[in-house]
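The values are calculated or read from the model by the stated rules, or taken from the named source; none is laboratory data. Note that this is a predicted model, so its numbers are computed, not measured. Here the Cβ is made from the backbone with ideal geometry for all residues, glycine too, and neighbour counts use every protein chain on show.
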Ligand code: ADP
Ligand code: MG
């Protein structure tokens, strides 16, 4: 029917069968996230304004050219109504019938299938198939649409429906350009006539809609979609304000990454590393902080699965026009598109960090101090990215100044070409590591050792396994193959060994310590300490054992440990003599040596037994 024929005629039209079916579900569903209807209606209003903006470029005879481009929301808690008004393109009669009476979009079948079959009527999906408008019937018992097309000389219309079976279209005079949608709220949906509630919902879902949203004379979407603007045109203050808004923060961001990509997916992303890591201050595990948009319309706030979990400290937005609007939480997680987004963004962000590290070491170190723990988490747990994270890791080492960091690249560059391994040792502090026995063999050979201070470090380095062709090896592992010492040191070794019955001593020690150690053997690497604990299990470093012991204090006995003794050390030489003269006291000394070695490895010792033993040893030393 032509539009002219409809003028001055009331007509009642049936909804298309699929629409009836859909409305039946929408009206009767007990869907809990009903507030998303407002996102749908605002998104439609914004679309209409966007179309108008485009059309205005060529259409010189547009209706009401002086009207501002804006969306107005009018809640009325007396009448229990809510009106959403826009000054967009509006609709002709035919457009009304077509857009609000049928389902033009293909693919809606799949949506029906989903709705009909699932018990949980996930209406969040509703916009995905071009039927977002009908979500109004989740909260409204009657919907009244007043609309007038922007075409010059157009007629205005009223569209009314209670969502059951049919709708009525009536010509209306005196309308200005655009569309006004009035919802007569259901009795159980009165909350949507409250101004405060509406304001909250608008700010939650539609804050970055690029047209002003007015609520009782107040513009409630405060922040613009600045991520879609050209980088060069955005002022620092605007970025700063946006960061504060999106991160709910009061400080300034540490880093900002604003980038666009076209392939393999269209992405416009604006990401911030916050000024502080709140997890560090015991605020509990952070929620993801990056929201997903499609053409400035919020798809999912703080989108789970958009980025790897270890990037949960990032704040910001990702806008991709390739993402279907209203993709559901469930679909998000395993969508191939989201996987692509994740890959591109993560790769880009890691590259960005690498650039920052090169550009300004001090600032990168500040980042590392605050957020390094997240990169470690990624390197330890995420096998997709751990190779990319590796160059970003920072450590102290035996060749770094205290408090300064080195990278694995620094280590590899410095190491002699024939050195096959990268060595690391874990301890609570630089002082404790350097006082312990494990460094001795490295120090005397001038081999750099990375110091790690957190248990996660060992998981990171164990998982990484190698870097640039060099194996990552914990300095407390058994079977370290260190280069031979020079001749002089070797001679000295020979001399001190004279007179020591090493085979019998190690056998005696093993017998004395029993199950506490799997093996007692001569150390090839100790220089200044009498003994040390070595891990026979290649994957379990002492620091990992410390973690396990913290969970289960009996874990120590499962570690598979060896005691290595230094046959050049006075205490060991003396012990061999003592066991032949006074075996009982020698046994005490052996146990003390073992406990000391455990303590040097940072492992748990029984303090009561140790103190007791110490007194007995002291008593003898003092009285002799
Ligand atoms: P979608 O927005 O995905 O197309 P909707 O069900 O939300 O699906 O809307 C259907 C159609 O109705 C829109 O495509 C548009 O043509 C029309 N429409 C809805 N709201 C408005 C509005 N405020 N102004 C102009 N046209 C509108
Ligand atoms: Mg829509």
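Annotations for the structure displayed:
- Residue match in region 266-278 (condition: more than 25 Å from residue 351 (Cα to Cα) and modelled with pLDDT of 90 or more): no
- Restricting attention to region 513-538, the residues that are touching a strand residue (DSSP E or B) at 6+ places or on another chain (Cβ under 9 Å) and within 21 Å of residue 482 (Cα to Cα) add up to 17.
- Just so you know, in region 105-120 the residues that are within 16 Å of ligand 2 (Cβ to nearest atom) and surrounded by 11 or more Cβ atoms within 10 Å (Cβ to Cβ) include one that is modelled with the highest pLDDT, and it is 111.
- Complete set of residues in region 260-279 that are in contact with a helix residue (DSSP H, G or I) (Cβ under 7 Å, 6 or more places away or on another chain) and closer than 24 Å to residue 365 by Cβ: 271, 272, 273, 274, 276, 277
- For region 244-278, the tally of residues that are touching a strand residue (DSSP E or B) at 6+ places or on another chain (Cβ under 6 Å) and exposed (fewer than 15 other Cβ atoms within 10 Å of the Cβ) stands at 1.
- Lone qualifier among 49, 30, 23, 38 - being out of contact with any helix residue (DSSP H, G or I) (no Cβ under 7 Å at 6 or more places or on another chain) and within 16 Å of ligand 2 (Cβ to nearest atom): 49
- Of the residues making up region 204-221, one or more are within 26 Å of residue 312 (Cβ to Cβ), under 26 Å from the mean Cα position of the chain (by Cα) and either surrounded by fewer than 15 Cβ atoms within 10 Å (Cβ to Cβ) or not assigned by TED's automatic domain parsing to the domain that holds residue 74 (or both).
- Qualifying residue in region 73-86 (condition: in a helix (DSSP H, G or I) and either surrounded by fewer than 17 Cβ atoms within 10 Å (Cβ to Cβ) or within 16 Å of ligand 2 (Cβ to nearest atom) (or both)): no
- Residue pairs meeting the criteria (Cβ under 6 Å; at least 6 apart or on separate chains; first near ligand 1 (Cβ under 7 Å from one of its atoms), in region 37-52; second assigned to a helix (DSSP H, G or I)): 40/127; 40/132; 40/135
- Restricting attention to region 170-187, the residues that are more than 13 Å from ligand 1 (Cβ to nearest atom) and at positive phi total 1.
- Test: residue in region 569-592 that is under 24 Å from residue 475 (Cβ atoms) and either modelled with pLDDT under 85 or outside any helix (DSSP H, G or I) (or both): yes
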